[in-house]
Amino acid sequence: MPDSASTLAPLVRMTGVTKRFGPVTVLRQVDFEVWPGEVHVLAGENGAGKSTLIKILGGVHTDFEGSLEVHGRPARPRSPTEAAALGVSVIHQELSLVGPMSVSDNIFLGQTLTRGGWVRDGPQRQQTRRLLAELGLELDVRRPVEEFAMATRQMIEIAKALSRRTDVIVMDEPTSALNGPEVDRLFNLIGQLKGQGCGIVYITHKMEEIERIADRITVLRDGVRVGSAPAGQLPSAELIRWMVGRELNEQFPRHTPRLGAERLRLENFSVYPEGGSGRASVQGINLSVRSGEIVGVGGLQGSGASDLLLGLFGAYGDGTRGRVQLEGRPVRIRAPRQAIAAGVALLTNDRKATGLVLSLSIVANATLAGLNRLSPGGWRRPRLEEVASERVIRPLGLRTASFDLEVGALSGGNQQKVAIAKWLQIEPRLLLLDEPTRGIDIGAKHEIYHLMNQWTAQGIAILLITSEMPELLALSDRVIVLHRGRVTAEFDRASATPERVLSAAMGTERLSGNQRDPTPAEFDRRTQAG
Amino acid sequence: MDNGAMRRGGEWLKQVLSGPAGRAFIALVLVALVGVIFNAEGAFYKIATHRDALRQASVYGILACGMTLVIIGGGIDLAVGSILALVAVSCATLAIHWNWSSWLAIPACLLIGGCCGGLSGFTAARLRVQPFIATLAMMVFARGMAKYVSGGMKVSTAVQNPDGTYRYVDVPPLFEAIDRRILGDTVPVVTLIFAACLAVAWAALAWHRWGRQIYAIGGNEEAARLSGVPVVFAKLWAYVMSGVFAGVAGICQAAQEHQGDPEAGVGYELIAIAMVVMGGTSLMGGRGGMGLTLLGVLTIGYLDKILSINAVPEAGRLMLTGTIIVAAVLTQRRRRS
Ligand SMILES: Nc1ncnc2c1ncn2[C@@H]1O[C@H](COP(=O)(O)OP(=O)(O)OP(=O)(O)O)[C@@H](O)[C@H]1O
Ligand SMILES: [Mg+2]
């Protein structure tokens, strides 16, 4: 039921799609349509089959039952290139950029501009710059992609899909690492594309995004289509019930427990990611976190928030300066191993690159950080590992047939749960969380919020980074805001508002608290700092 | 109902065969089939043929054990052939010329192998030189050492007298003991040694903490490091083990030849790598296992034996082996759905 007046055929029509991986059926008789000029949101819990469905559309999975029509003609793309030729381009959930290649080479990968077989670098770079400018990004397009932060890489991936100038654009959780202003820019662009008659498929777990851009919503649960409705006719409570199968209130239930002794103290802490002689990405931080407390770290791209956690965790070896105290004792952490031994855990923001070993099983990943304790005398105890994994994974709501499954075969959100489980395994006393709910469905998000309450009640201290402002404000007992590696503001729970945090993140609000809204020009300039 | 059971059985078979172990097994069965077809007038059915096939594959197999450990950790060890030669000449010198007892000679030889492995491991893991380069350097270095220790000549039981003439001494008991068959003349001792190496490597990989760590490193080194895995130490240890296994192979080689040849083991590292890959262990690291390597060793070992009992001349044998390795590895490739 297209809500537009267009009597044309849908751009894409999938009927009766069924997909199996070996004995497991992950999609059952799913119907799905995309009309010109609409944003069609595909929603559902982790593992519901959303990514699988669009991988079929994008030519990644070629072996399925059912039919697929593009522009009213039967089609069966056998590769992403064929899908692109049909006019379908996909931004995949797990980014698919080639790390050592330059930004422009990545964007033109598979459609290289050539003359007589030779690559035309100049025009490629020029066009790349233009594309990125549309997204409000100014980068050195000759630098390898792997040198950029997660959020920038996600923007590059978006630019890559847009470069194809196609009429169906699929975005699988494109904003999972993006901040407010970047999301705004993406949404503007989506608006333009809609105006040009493109059909957009948008997958997200963020309710406020659905409310902002959805024209139509289709919900999957356990591989079955629950329903499909125009966004206006689907209030969010109803939508949640479709997704989760039960009621769920949307409030974040943060209960601040009684704060205990000081767990972490940083004095004049600086981080040098390239070693002592390089540039400092975090400078002169003073910070104290008490047991039972959640301290949020706010900041835009390039603020150094992630580097603060990595440096603290010993990931940069000797590349830190300043004093660190854990529970009142000065410590010198030069390797993740030492951090773990001291009861510190770090959930990184990129599960695929730094969080998980995709080729290993769920159990192996969940026990990797606690292996020393689980294998006394050096010999492993599979039974013990099984029990220990079970204990940390079950509360996270990961439903899977077997713990021996390779993590690479799990859905994105379920992978995230395994990454979290790994750190619960070591019973940390200080948890450093970088985007903990990235890609996690709302049901499980609430579980994790509950768990964070439980952890703090047990006396665990948490340092939290999240690009979702509502999450940051609702969960943090205190928020510090970084801008270019320095603390620009600190708020307690009562005084933190989205506006104040944002302006501090852009460097306009200082510790003194002189508050003023940034001019649009400032806003743009400041968010471009990559 | 019967139909359902059969279907389920079929599903099961399909699943097993679609795994790497299943595919490696198919390759082995195919090779065995070739043996049955070209059985060289029944020679393939003689016990002696199988005994020899196993014996000849054993030295390569021992090298493949260590190679598997290194490859799973995301590395490669090109030095094993040269280390084999160094240990072979050292072992011959110790046992024939210096009359060391086996109880001293064996640990000394393993120590030499382990030190060589440790050195390439240190270069690769700690100094972060690419494993290919680090072990290539070790390969050249150890070959030089082998020539230095032996003076460039085979170390045999022909011992030079002070007046320049030669006399023959007895083959040392260590060599006799290894170059023997037991259990009614059916099982070569070197094959037992191979089995023992396989068991040690398997236990370390499947049951020891270190095994899990090396899989993690091969799969995603950065994630492993951030999970507290002692990356440098675990990788170093893989190379040490590979060196020790090369030492074992060197002793076996010397014992079988009754001499230490500084030119021994040239190209063995490549055969060992072929065996590992034939089994289905990924050269990218992170996936594989000792069971797979056993299948790979048997496949290539039997292939060679079958070609030789059919008196295929060496030129043809090499060309055929190359072709068949590629064909087998192609069937090994993980299928994407
Ligand atoms: N290559 C694969 N092999 C086996 N099972 C797979 C594979 N890829 C996905 N699956 C399974 O298919 C199911 C659906 O996965 P999919 O990635 O489509 O979920 P999703 O809806 O995108 O979830 P998320 O919100 O977490 O991204 C999951 O149970 C997953 O484990
Ligand atoms: Mg997904």
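Helix B:231-257 versus the longest principal axis of chain B: what angle, 0 to 90°, nearest 10, using Cα atoms?
The angle comes out at about 60 degrees.
With every protein chain present, what is the per residue accessible area of chain A (1.4 Å probe, Å²)?
On the way: 21350 Å² over 530 residues.
Result: 40 Å² of accessible area for each residue.
So what's the back-of-envelope 222 nm ellipticity for chain A, counting only DSSP H runs of four-plus at -39500 (n - 2.57) apiece and dividing by all residues, rounded to 500?
-9000 deg cm²/dmol
Extending each Cα 7 Å along its Cβ direction at B:Phe132 and A:Gln454, get the distance between those two points in nm, one decimal.
For the pair B:Phe132/A:Gln454, the computed spacing is 4.9 nm.
Mind giving me the FRET efficiency for B:Ala315 and B:Ser18? R0 is 35 Å, r the Cβ-Cβ distance, nearest 0.05 is fine.
The computed FRET efficiency comes out at 0.45.
Can you find, among B:Gly286, A:Ser67, A:Val17, the residue farthest towards the positive end of the dipole of the protein assembly as shown? Put +1 on the C-beta of Lys and Arg, -1 on that of Asp and Glu.
Going by the charge dipole, the pick is B:Gly286.
Hey, got the dipole for the stretch A:12-243? About the Cα centre, +1 on K and R Cβ, -1 on D and E Cβ, debye to the nearest 20? Show your work: numbers first, answer last.
Values: 28 positive and 28 negative charges, 124 e Å.
That gives a dipole near 600 debye.
Near the amide H of A:Cys198, under 5 Å away, which other amide H atoms are found, from residues 5 or more places off or on another chain, if H is placed in the peptide plane?
Under 5 Å from the amide H of A:Cys198 lie the amide H atoms of A:Gly37, each far enough along the sequence or on another chain.
What is the calculated FRET efficiency for A:Glu262 to B:Ala158, with r their C-beta to C-beta distance and R₀ = 60 Å, to the nearest 0.05? Walk me through the numbers on the way to the answer.
Values: r = 78 Å, r/R0 = 1.30.
With a Förster radius of 60 Å, E is 0.15.
Percentage of Cα-Cα pair distances in the stretch B:23-336 greater than 26 Å, rounded to whole percent? Could the numbers behind the result be given before it?
Numbers: 23263 of 49141 pairs.
Looking at the stretch B:23-336, the distances longer than 26 Å represent 47 percent of pairs.
Among all the aspartates and glutamates, which ones have a C-alpha under 13 Å from A:Lys19's C-alpha, if same-chain residues fewer than 8 places away are not counted?
A:Asp31, A:Asp63, A:Glu65, A:Asp222
For the stretch A:115-151, which trypsin sites (Lys or Arg not before Pro) are in a loop by DSSP, counting at most 16 other Cβ atoms within 10 Å?
Qualifying residues, ordered by number: A:Arg120, A:Arg142.
Of A:Lys206/A:Lys445; A:Lys50/A:Lys194; A:Lys352/A:Lys422, which pairs sit farther than 19 Å apart, going by alpha carbon to alpha carbon?
The answer is A:Lys50/A:Lys194.
Any chance you could check the Cα centroid distance between the stretch B:152-201 and the stretch B:68-145 for me, in angstrom?
19 Å
Work out the length of the dipole vector of the stretch A:344-427 about its Cα centre, built from +1 on the beta-carbon of each Lys and Arg and -1 on the beta-carbon of each Asp and Glu, and round it to the nearest 20 debye.
Dipole about the Cα centre, nearest 20: 100 debye.
Okay, helix-only estimate at 222 nm for chain B: each DSSP H run of n ≥ 4 adds -39500 (n - 2.57), divide by all residues, round to 500 deg cm²/dmol; what do you get?
Result for chain B, helices only: -23000 deg cm²/dmol.
Mind checking Rg over Rh on the protein assembly as shown, alpha carbons, Kirkwood formula for Rh?
1.03
How compact and how long is the stretch A:144-301, expressed as Rg and Dmax of its alpha-carbon atoms in Å?
Taking only Cα atoms of the stretch A:144-301, I get Rg and Dmax of 21.0, 59 Å.
Counting only heavy atoms of the protein chains, get the accessible area per residue of the stretch B:23-336 (1.4 Å probe) and round it to a whole Å² value.
On the way: 14010 Å² over 314 residues.
Accessible area per residue: 45 Å².
Mind checking which lysines have their Cα closer than 20 Å to the Cα of B:Lys305? Skip sequence neighbours fewer than 8 apart in that chain.
B:Lys46
Per residue, how big is the convex hull around the C-alpha atoms of the stretch A:12-243? Give it to me in cubic angstrom, could you?
Each residue corresponds to 128 Å³ of Cα convex hull volume.
Give me the one-decimal Kirkwood hydrodynamic radius in Å for the stretch B:1-103, with the sum taken over alpha-carbon pairs.
So the Kirkwood estimate lands at 18.3 Å.
With +1 on the Cβ of every Lys and Arg and -1 on the Cβ of every Asp and Glu, and nothing else charged, how large is the dipole of the protein assembly as shown about its Cα centre, in debye rounded to the nearest 20?
The calculated dipole for the protein assembly as shown is roughly 540 debye.
Give me the log10 of I(q) over I(0) for the stretch B:181-229 at q = 0.18, 0.22, 0.32 Å⁻¹, as the Debye formula computes it from C-alpha points; what are the numbers?
Calculated log10 I(q)/I(0) at the listed q: -0.63, -0.75, -1.02.
Would you mind getting me the FRET efficiency between A:Gln126 and B:Met284? Use the beta-carbon distance for r and R0 = 35 Å, nearest 0.05. Display every interim value, and only then the final one.
Numbers: r = 36 Å, r/R0 = 1.03.
Approximately 0.45, to the nearest 0.05.
Any chance you could run the full-extension gain for A:Arg334 through A:Arg20? It's 0.36 nm times the residue separation minus the Cα-Cα distance, nm to one decimal. Don't skip to the end; give the middle numbers.
Numbers: separation 314, 0.36 × 314 = 113.04 nm, distance 4.61 nm.
In short, 108.4 nm is gained.
Could you calculate, for the stretch A:344-427, the ratio of the Cα radius of gyration to the Kirkwood radius, expressed as Rg to Rh?
Ratio of gyration radius to Kirkwood radius for the stretch A:344-427: 0.93.
From the residues A:His205, A:Gly317, A:Pro144, which one has its Cα farthest along the dipole of chain A in the positive direction, the dipole being from +1 and -1 charges on Cβ of Lys/Arg and Asp/Glu about the Cα centre?
In chain A, that residue is A:Gly317.
Only sites in a loop by DSSP and with at most 10 other Cβ atoms within 10 Å count here; which chymotrypsin sites (Phe, Trp or Tyr not before Pro) in the stretch A:61-118 make the cut?
none
Using protein heavy atoms only (no ligands, DNA or RNA), what is the total accessible area buried between B and A, 1.4 Å probe, nearest 100 Å²?
Protein heavy atoms only, the B-A interface buries about 2500 Å².
For chain A, with all protein chains present and a 1.4 Å probe, just round the carbon and sulfur fraction of the accessible area to a whole percent.
49 percent
Which is the longest part of chain B that has none of the GluC sites (Glu not before Pro) sitting in a DSSP loop with at most 15 other Cβ atoms within 10 Å? Walk me through the numbers on the way to the answer.
Values: sites that count: B:Glu41, B:Glu263.
Counting only loop sites that pass the neighbour cut-off, the longest clear stretch is B:42-262.
The values are calculated or read from the model by the stated rules, or taken from the named source; none is laboratory data. Just so we're clear, the structure is a prediction, and the values are computed from it rather than from any experiment. Because the Cβ atoms are built from the backbone with ideal geometry, glycine has one as well, and the counts that use them run over all protein chains shown. Each accessible area value is taken on the protein alone, full model and side chains, heavy atoms only, with ligands, DNA and RNA left out. Shrake-Rupley method; radii C 1.70, N 1.55, O 1.52, S 1.80 Å.
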